[in-house]
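The values are calculated or read from the model by the stated rules, or taken from the named source; none is laboratory data. In this text, all values refer to a predicted model and were calculated from it rather than measured experimentally. Neighbour counts run over all protein chains shown; Cβ positions are idealised from the backbone, glycine included.
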């Protein structure tokens with residue numbers, strides 16, 4: 001089984017760009033619109049939905065732009081990202097005022113961050129080749 005993409009919601013394209021393009025370094029595709037008829041049939045949403053895709057290094061986020069996106073204080077659902085330098089990503093996140101969380105687990109330290117709309121990410125260090 002292979003994950004094709006992860007669909008998340010952001011309140012603005014600016015928030016999405018800052019986190020997924022500027023912080024994570026993903027490539028931004030040209031935005032598209034999911035027409036109201038399809039948005040209603042699939043998600044029960046009564047309006048057109050703007051979609052922006054961010055891709056790179058085996059990951060694909062399909063971001064639905066919705067100004068009424070509700071932030072979650074402590075979501076259970078999350079996306080786990082394997083990155084080359086967790087510490088460096090956390091430092092860049094702090095510089096951009098991204099909310100981060102580190103939790104001790106035995107000898108290890110689990111690392112997490114939120115995007116600007118409350119989507120939750122676990123960060124794991126990619127093993128050296």
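Look at (1) farther than 25 Å from residue 96 by Cα; (2) under 19 Å from the mean Cα position of the chain (by Cα) and you find that residue 44 fails only one, number (2). Evaluated against (1) on the phi > 0 side of the Ramachandran plot; (2) under 15 Å from the mean Cα position of the chain (by Cα), residue 106 falls short on exactly one condition, (2). Does residue 67 fit the bill of being loosely packed, with under 12 Cβ neighbours inside 10 Å, at pLDDT below 90 and within 18 Å of the chain's Cα centre (by Cα)? Considered against the rule, which asks whether it is loosely packed, with under 12 Cβ neighbours inside 10 Å, at pLDDT below 90 and within 18 Å of the chain's Cα centre (by Cα), residue 67 comes out as yes.
Per the conditions (1) touching a strand residue (DSSP E or B) at 6+ places or on another chain (Cβ under 8 Å); (2) farther than 29 Å from residue 128 by Cβ; (3) at pLDDT 95 or above, the sole criterion not satisfied by residue 72 is (3).
Considering (1) at pLDDT 95 or above; (2) exposed (fewer than 13 other Cβ atoms within 10 Å of the Cβ), the lone condition that residue 80 does not fulfil carries the number (1).
Return the residues of the stretch 16-49 that are in a helix (DSSP H, G or I), within 27 Å of residue 113 (Cα to Cα) and either in contact with a strand residue (DSSP E or B) (Cβ under 7 Å, 6 or more places away or on another chain) or modelled with pLDDT of 95 or more (or both); say none if nothing qualifies.
Filtering the stretch 16-49 for residues in a helix (DSSP H, G or I) gives 16-23, 36-43.
Narrowing the set further to residues that are within 27 Å of residue 113 (Cα to Cα) leaves 16-23, 43.
16, 17, 18, 19, 20, 21, 22, 23 - these are the residues of the stretch 16-49 that are in a helix (DSSP H, G or I), within 27 Å of residue 113 (Cα to Cα) and either in contact with a strand residue (DSSP E or B) (Cβ under 7 Å, 6 or more places away or on another chain) or modelled with pLDDT of 95 or more (or both).
Taking the stretch 80-129 as the range and being touching a strand residue (DSSP E or B) at 6+ places or on another chain (Cβ under 8 Å), under 21 Å from residue 11 (Cα atoms) and either touching a residue at least 60 places away in the same chain (Cβ under 8 Å) or assigned to a loop (DSSP other than H, G, I, E, B) (or both) as the test, the residues that pass are 93, 98, 99, 115, 116, 117, 119.
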